[in-house]
Amino acid sequence: MIEGPDARLAKLVLALRSQGVTDPQVLSAIERTPRDMFTQDIFKDRSWENQALPIECGQTISQPYIVGLMTQALTLGHRDRVLEIGTGSGYQTAVLSRLSRLVYTIERYRTLMKQAEGRFKKLGLTNIITRFGDGTTGWPEQAPFDRIIVTAAAQEEPEALLKQLKHDGVLVAPVGKGPVQKLNRYAADGRGGFNIETLCDVRFVPMLEGVAREL
Ligand code: SAH
């Protein structure tokens, strides 16, 4: 029997729950975000698998489990202003937009940014502000943020971004130089320092400086 999208989505949500994504708000946001709108045509039928998939420009749409885990680790409030570095397909952005007030998202490929903007429009997500540019230096004009999420691997601790967090802010980012990085959660302690927790090992594409010259 061929499973319809609803059955596949239900299966995916069950898988995420068994992997530790248990926050009902996060699971509901994932349920309400059609991942097949964010994948390439050749991978449409794999949209509901718990797998990262290639997107244009040699980048990837994250694994749903990692999207769930990072979103849950952000402990978002509905009034939060969130900064995201690495829009990619826009899938993670869309999930964030359902749980927060405003999402500011930066992408260094113009092609990806344009595609993502089209998807946000189609889905009626009006609380996302996009920017084509280099996210390594954050978005100083809009700082400080309640929450920051980095969806490309930072080589070192993302200091410039940590400075753009509020005194009680949280930043989640993959950090490391190799193909496998640590997914770190930085919680500001209100005294200029951070409590750092490593959630798991992850494989993200690297965060690169400057904008991409190719489309
Ligand atoms: N959350 C995205 C993941 C995209 S992959 C999704 O689920 O689709 C990471 C993205 O980060 C890529 O699109 C890459 O181009 C982008 N990126 C890498 N370095 C960047 C930088 N310095 N500024 C902005 N975006 C960056």
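The values are calculated or read from the model by the stated rules, or taken from the named source; none is laboratory data. No experiment lies behind these values; they were computed from the predicted model shown. All Cβ positions, glycine included, derive from the backbone under ideal geometry; neighbour counts span all protein chains shown. Note: areas computed on protein heavy atoms with side chains; ligands, DNA, RNA excluded. Shrake-Rupley method; radii C 1.70, N 1.55, O 1.52, S 1.80 Å.
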Quiz item: Filter the stretch 67-79 for residues that are out of contact with any Leu (no Cβ under 6 Å at 6 or more places or on another chain) and open to solvent by 20 Å² or more (accessible area, probe 1.4 Å); which is nearest to the ligand (Cβ to nearest atom)?
Solution: L69
Quiz prompt | Matching residues, the stretch 96-125, being touching a residue at least 40 places away in the same chain (Cβ under 8 Å), assigned to a helix (DSSP H, G or I) and surrounded by fewer than 24 Cβ atoms within 10 Å (Cβ to Cβ) | solution = R110, T111, L112, Q115, R119, K122, L123
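Of all residues in the stretch 49-66 being touching a Phe, Trp or Tyr at 6+ places or on another chain (Cβ under 6 Å) and open to solvent by less than 10 Å² (accessible area, probe 1.4 Å), which is farthest from V26 (Cα to Cα)?
Applying the first criterion (touching a Phe, Trp or Tyr at 6+ places or on another chain (Cβ under 6 Å)) to the stretch 49-66 yields 50, 53, 57, 61.
So of that shortlist, the ones also open to solvent by less than 10 Å² (accessible area, probe 1.4 Å) come out as 53, 61.
Details: L53: 21, I61: 18 Å.
Within the stretch 49-66, the match that is farthest from V26 (Cα to Cα) is L53.
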Quiz item: Restricted to the stretch 126-141, and to residues that are out of contact with any Leu (no Cβ under 7 Å at 6 or more places or on another chain) and under 21 Å from V95 (Cα atoms), which residue is surrounded by the most Cβ atoms within 10 Å (Cβ to Cβ)?
Solution: G135
Exercise. Only residues that are more than 15 Å from the ligand (Cβ to nearest atom), in a loop (DSSP other than H, G, I, E, B) and under 19 Å from the mean Cα position of the chain (by Cα): list them for the stretch 162-215, please.
Key: V180
Practice problem: Looking only at the stretch 1-53, count how many residues are hydrophobic (A, V, I, L, M, F, W, C), out of contact with any Leu (no Cβ under 9 Å at 6 or more places or on another chain) and farther than 30 Å from T111 by Cβ. | Solution: 6
Self-check item: All positions within the stretch 13-42 that are open to solvent by 60 Å² or more (accessible area, probe 1.4 Å), in a helix (DSSP H, G or I) and not basic (K, R)
Solution: L14, S18, P24, Q25, E31, D41, I42
Quiz prompt | So D45, is it surrounded by fewer than 17 Cβ atoms within 10 Å (Cβ to Cβ), of a type in the set (D, E) and either within 14 Å of the ligand (Cβ to nearest atom) or under 20 Å from A154 (Cα atoms) (or both) | solution = no
